[in-house]
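The values are calculated or read from the model by the stated rules, or taken from the named source; none is laboratory data. Keep in mind the model is a prediction, meaning the values are calculated, not measured. Counting neighbours? That spans all protein chains shown, and the Cβs are built from the backbone with ideal geometry, glycine included. The area values use the complete protein model at the heavy-atom level, side chains included, leaving out ligands, DNA and RNA. Shrake-Rupley method; radii C 1.70, N 1.55, O 1.52, S 1.80 Å.
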Amino acid sequence: MSCIQKRYVFSLLLLFFIIFCSLFTTLEATASSSCMHYEPIKEMPVVKKHHYSAAAVPTKYNYPQNYFRSPLDIPLILSGSFGELRNNHFHAGLDCKTKGVEGKNIYSIADGYIKRIKVSPGGYGNALYVEHFNGYTSVYAHLQKFQGTIGQYVKDRQYSLQSFELDENVDPGVLYVKKGQVIAKSGNSGSSSAPHLHFEIRDSQTQEAINPLLFGYKISDTRTPLIQSIGIYNMASENLFIGPRVFGTKKEKGVYKLPRYTFNVSTPLIGLGIKAYDKQNAANNLNGIYSIDLLENGNKIYSFDVERISFAETRYINNHLDYKLKRTGGGNLQKCFIEPNNLLSAYKNVINRGIIDLSDGQTHKMMFIVRDLAGNSSRLSFNLKYSPSKKVTIKPPSHDAMFSYAVDNYFDRDQIHLYFPYGSFYNDLYFKYSSSAPSAETKGVYSLYHKVHNNKTAVQKYFDIKIKARYLPAELRSKAVIVYKDTRGRKKSIGGNWEGDFLKARTRDFGTYYITTDTQAPKIRPITIKPGKNMAKNSTITVKISDNLSGIKSYNGYVDGRWVLMEYDAKYARLRHWFDEKTGKGKHTFRLVVEDGVGNVKTYTASYRR
């Protein structure tokens, strides 16, 4: 076969291959579309190309710039930053000020559809999750109310389910929104302590929260982070250390300094921690920093940043911080060494888990570099040197059991059983336990007091606690709960279910536990209603509810025997029904039924006119 013939045959084969691939792709697309159960959106919007640019600080990923608009039509001023250090979690969004009032317009930051709606008396309160067509999801929380068809959808679902609380995914295309559409009003719902918008951007696939400021939002910030203090830990190993000794800083001519430049330490292994904050130009409140770098002799040995936050990892903040120091009023000292079971993925460039080895006897030059997301940075330099003449030996504390973080752990006594699943602890734990009997004068306690370790040690996972009852009358078994008592004497029920003579519950806190009973019904205090009242000038039926121990389990309001929506704000202990088309003019009877966690029920009834 000639060279020309070979080329001709090859061309024919290539042509057949192209035609086959094209036909296969068409058939595959047709088959795929025929399997869909619904058409989410008749015409998918075209996502225009957008500019990706580097942030003022290094990031692992690139993010679209100027694709999203602001969720507010007022300047973005932050009362809380992304990654800020909170109780048991890193802050997963931006807290945007709303000038101290509720009712500001909340806008969808881009085209998309409502993916999830959540209504809760605590937590995020009223919250919307909007999935966009570029792989990101925006979240808007602590809302006052939902707008338009979204609000009507929520109300219809609440009446259908006869429940104020709601948490459900919405089918794509049911509630489609446009960029710039008003989707809600800002508020103070849930666990919010003042009016503001909590705003998040998440990776739609992984649901990781991403720092929204990486998407091109402009916040005026020329201020450098504040470095308040450092902590020095003496270490025998990564499993055993003491401290910290805390040293405050002072700033002279723009340079942070410590009380002395060289620290002679008493162990060859050292860990460090730092307390640092940030401020933006338009607000004086202390916000979180973006990143921490620790350098030893010019080499980076530890880095931490809050580019992204995984909700599965957020509780590891209790080991990222010095938990004991925080619980004793020492504030948020961020440890810059990593304990064995701290699985945060926010650490980078870590050498020897951030532990500093000074056994060579030389002076080691240390430097902290703290940055905010605008690229402003602060530095603190000092020296460390091991002094063998000052050597101290670190011994394990006295303990009743030794628990490894890497396995399941059990602790059994006649009156108590504990089960800790693997990974409950961040390090090997020298566990302490003691018990005591209530005094003869003590009423209503039906077990020993069990002191389970101490409340200055954090626990990552829920563990089982089973306590044996003592002298509990049979008629009170259904009212029994396990109570956690803190160091101030405050009580919190963790509930419980019976397994023989033991009451079992789950908790994530160390401290003192015992069995007691809850025989008191919840309390109902009417605010705007009373029997025979003319409610024509009132827009709501408002009452306050409370419970002494086991907590509010359910609340249901009825007007003329029909269920009506009662909005519950747990922080104010307030239930509120807004008069609407379901509760018109005339004579009516209102009835409210409130039940606590062990079945005690309180009912309030009042007739009124409108």
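Scanning the range 596-610 for residues that are surrounded by 19 or more Cβ atoms within 10 Å (Cβ to Cβ) and not hydroxyl-bearing (Ser, Thr, Tyr) turns up Asp596, Gly597, Val598, Asn600.
Let me confirm something: among Val594, Val598, which residue is more than 29 Å from His142 (Cα to Cα) and touching a residue at least 40 places away in the same chain (Cβ under 8 Å)? Unique residue meeting the criteria: Val598. For the range 274-316, a residue qualifies if it is among the β-branched types (Val, Ile, Thr) and either over 14 Å from Leu85 (Cβ atoms) or in contact with a His (Cβ under 6 Å, 6 or more places away or on another chain) (or both), and the qualifying residues are Ile301, Thr314.
Okay, residues lined up against (1) crowded, with 19+ Cβ neighbours inside 10 Å; (2) more than 30 Å from Val452 (Cβ to Cβ):
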{"position": "Leu503", "(1), (2)": "yes, no"}
{"position": "Gly511", "(1), (2)": "no, no"}
{"position": "Lys523", "(1), (2)": "no, yes"}
{"position": "Gly532", "(1), (2)": "no, yes"}
{"position": "Asn538", "(1), (2)": "no, yes"}
{"position": "Leu549", "(1), (2)": "yes, no"}
{"position": "Asn556", "(1), (2)": "no, yes"}
{"position": "Ala570", "(1), (2)": "no, no"}
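Taken as a whole, the range 231-248 holds at least one residue that is among the acidic types (Asp, Glu), more than 29 Å from Asn285 (Cα to Cα) and either in contact with an Asp or Glu (Cβ under 9 Å, 6 or more places away or on another chain) or surrounded by 16 or more Cβ atoms within 10 Å (Cβ to Cβ) (or both).
The range 377-417 holds strands (runs of 3 or more DSSP E) entirely within its bounds, and those carrying 2 or more residues that are more than 29 Å from Asn454 (Cα to Cα) map to 377-386. Checking the range 552-568 against the condition returns no match, with no residue being without any contact (Cβ under 8 Å) to a residue 40 or more places away in the chain and of a type in the set (S, T, N, Q). Among the residues of the range 250-278, just one is surrounded by 18 or more Cβ atoms within 10 Å (Cβ to Cβ) and either among the acidic types (Asp, Glu) or modelled with pLDDT under 95 (or both), namely Asp278.
Screening the candidates Ile369, Ile351 for the property of being out of contact with any helix residue (DSSP H, G or I) (no Cβ under 7 Å at 6 or more places or on another chain), under 30 Å from Asp305 (Cβ atoms) and crowded, with 16+ Cβ neighbours inside 10 Å yields one hit, Ile369. Within the bounds of the range 141-159, is there any residue that is aliphatic (A, V, I, L, M) and open to solvent by 30 Å² or more (accessible area, probe 1.4 Å)? The answer is no, given that none of the residues of the range 141-159 is aliphatic (A, V, I, L, M) and open to solvent by 30 Å² or more (accessible area, probe 1.4 Å). Close contacts from the range 183-196, counting a first residue that is of a type in the set (Lys, Arg) and a second that is buried (at least 21 other Cβ atoms within 10 Å of the Cβ), with Cβ to Cβ under 9 Å and a gap of 6+ residues or different chains, come to Lys185/Lys104; Lys185/Ile106; Lys185/Leu143; Lys185/Phe146. For the range 437-477, taking the residues that are farther than 24 Å from Asp400 by Cα and aliphatic (A, V, I, L, M), the one that is nearest to the chain's Cα centre (by Cα) is identified as Val445. Selection over the range 241-270 of residues that are within 15 Å of Lys385 (Cα to Cα) and of a type in the set (D, E, K, R) gives a count of 1. Residues that are assigned to a loop (DSSP other than H, G, I, E, B) and without any contact (Cβ under 8 Å) to a residue 60 or more places away in the chain were ranked within the range 304-330; the one that is surrounded by the most Cβ atoms within 10 Å (Cβ to Cβ) is Glu313.
So, in the range 402-453, exactly how many residues are aromatic (Phe, Trp, Tyr) and within 27 Å of Lys335 (Cα to Cα)? Residues in the range 402-453 being aromatic (Phe, Trp, Tyr) and within 27 Å of Lys335 (Cα to Cα): 8 in total.
For the range 205-227, filtering for residues that are of a type in the set (S, T, N, Q) and open to solvent by less than 30 Å² (accessible area, probe 1.4 Å) leaves 1. Of all residues in the range 430-454, those satisfying the criterion of being open to solvent by less than 20 Å² (accessible area, probe 1.4 Å) and closer than 21 Å to Gly243 by Cα are Phe431, His453. Looking only at the range 464-482, which residues are open to solvent by less than 60 Å² (accessible area, probe 1.4 Å), among the charged types (D, E, K, R) and assigned to a strand (DSSP E or B)? Within the range 464-482, Asp464, Lys466 meet the criteria.
Residue-level check: of (1) within 27 Å of the chain's Cα centre (by Cα); (2) under 15 Å from Ile274 (Cα atoms), Tyr233 misses just (1). Selection of first residues in the range 57-77 that are of a type outside the set (Lys, Arg) and part of a loop (DSSP other than H, G, I, E, B) and of second residues that are open to solvent by 40 Å² or more (accessible area, probe 1.4 Å) and at pLDDT below 95, restricted to Cβ pairs under 6 Å at least 6 apart or on distinct chains, gives the following pairs, ordered by first then second residue: Asn62/Tyr52; Tyr67/His50; Ile77/Ala282.
Here the strands (runs of 3 or more DSSP E) wholly within the range 483-558 that include at least 3 residues being under 30 Å from the mean Cα position of the chain (by Cα) and closer than 25 Å to Lys432 by Cα are 491-493, 502-509, 511-517.
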